[in-house]
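Encoded as structure tokens, the structure appears first; notes follow it.
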């Protein structure tokens, strides 16, 4: 039988060893994946994942008993990613330059592999073009598969606002990825 997050939190409150470790282990991969999708950089995603768990662990005493831990953790992650993206935008733009002349290995690669790499780069650039709020909405709903109520709570917005953000993000992504979507 699988122990729920709430049971693990209760065990942690009773100071049972390993409960907190299990809770972190259960969620670290999901949070790391979400952070990478939001910031599009592995090192930054690692740093932000650590920050999210530090904030979450520090805030555990204030977690309402009725709050779902995973949703609460998502809200902390979204806020951390949005703060990071806002500070990065103020500091400088960090999009990797597009190579005009691909390296020899890329020129010799099969066309399908090149197209896959090109698509990956295009998706990353399209996501990077979204505002942090639009990116959070589309990542939580389309990439992470969160329900709209949970995603709205994590984003700190109303359902109509979340629906608008998802709609707007899809429209922007559709325009930026148009050449890959047409047969």
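Using Stokes-Einstein with the Kirkwood hydrodynamic radius over Cα pairs, what translational diffusion coefficient do you get for region 110-183 at 10 °C and a viscosity of 1.306 mPa s, in µm²/s rounded to a whole number?
Working: Rh = 13.0 Å.
D = 122 µm²/s.
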For this session: Just subtract the alpha-carbon distance of residue 58 and residue 70 from 0.36 nm times their residue separation and send over the number in nm, one decimal.
Result: 2.8 nm
Problem set entry | Residue-span extension gain [residue 143 to residue 89] - 0.36 nm each, minus C-alpha spacing | 17.1 nm
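May I ask for the equivalent-ellipsoid semi-axes of region 1-94, computed as the square root of five times each C-alpha gyration tensor eigenvalue and listed largest first in whole Å?
On the way: eigenvalues 156, 33, 21 Å².
Gyration-tensor ellipsoid for region 1-94: 28, 13, 10 Å.
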Problem set entry | Label-point separation in nm, residue 120 to residue 50, each point 7 Å along Cα→Cβ | 2.5 nm
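Read the figures in this text as sums done on the coordinates, not as results from a lab. Please read these numbers as outputs of a predicted model, since none were measured by experiment. Heads up, the Cβs are rebuilt from the backbone with ideal geometry, glycines too, and the neighbour counts pull from every protein chain shown.
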